[in-house]
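Each remark here refers to the structure printed beneath this line.
What follows is calculated from the coordinates using simple rules that are stated; it is not laboratory data. All values derive from a computational prediction rather than experimental measurement. When we count neighbours, we look across all protein chains shown, and the Cβ atoms used for this are built from the backbone with ideal geometry, even at glycine.
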Amino acid sequence: MSNYTYTKTDRLRKRTEYLHVSQQGKKVQNQHFLAYYSPNNENASRLGITVTKRIGNAVTRNRIKRTVREYFRLNQKEAQPYLDVNVIAKKHAGELKSETIFRSLIDLFEKIKRDCRH
């Protein structure tokens, strides 16, 4: 079995988990995404994704969510320390191509890494 999986334990699933991250965590952002993150007591980092209806139709929102999940799945093993991260798409993220979304996520997670080192 591959080490690059994305299971239920890799997700923020409950409203209370999202609220905890947004209220207790720190915030970073770039042109296309905003992310709240906070340390967790799990053995892995966990991801939550928020894409509202103002971003676009269901097809657009689901494409953004798939791209964010794919980025996280491929890079979650590098994430230290273990964090809960909620990625929120900004208004014009729906107009982006997948590779631009990927580059934007690389920038966003680099900011999180830099901030965690301090």
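Per 0.36 nm of contour for each residue apart, how much would the distance between K111 and K97 grow if the chain were fully extended, relative to their Cα-Cα spacing?
Gain on stretching K111 to K97: 2.9 nm.
Working note: Karplus 6.51/-1.76/1.60 with θ = phi - 60° gives segment 62-76 the couplings 5, 5, 4, 4, 4, 5, 5, 4, 5, 4, 4, 4, 6, 10, 5 Hz, where Gly and Pro are set to x.
Ordering L74, L12, L47, L34 from the fewest to the most neighbouring beta carbons within 10 Å gives L74, L34, L12, L47. Site pair K14 and L34 shows an inter-label distance of 2.5 nm when each label is modelled 7 Å from Cα along Cα→Cβ. Among S22, S45, the order by Cβ neighbours within 10 angstrom, fewest to most, reads S22, S45. Please name which of A58, V21, L34 has its Cα lying farthest along the dipole of the chain towards the positive end, using unit charges on Cβ (Lys, Arg +1; Asp, Glu -1) and the Cα centre as origin. Value computed over the given set: A58. Helix 98-117 against the longest principal axis of the chain: what's the angle in degrees, Cα atoms only, rounded to the nearest 10? Relative to the chain, helix 98-117 is tipped by roughly 30 degrees.
Per residue, the chain reaches -13500 deg cm²/dmol at 222 nm when only DSSP H runs of four or more residues are counted, each adding -39500 (n - 2.57). Taking the Cα atoms of segment 4-68, the ratio Rg/Rh between the radius of gyration and the Kirkwood radius comes to 0.97.
When you restrict to C-alpha pairs under 8 Å that are six or more residues apart and normalise by the size of segment 8-117, the relative contact order lands at 36 percent. On full extension, the segment bounded by K27 and R73 gains 14.4 nm, given 0.36 nm per residue less the C-alpha separation. Each 10 Å bin from zero up to the one holding the largest Cα-Cα distance in segment 8-117 carries the following percent of pairs: 15, 51, 31, 3.
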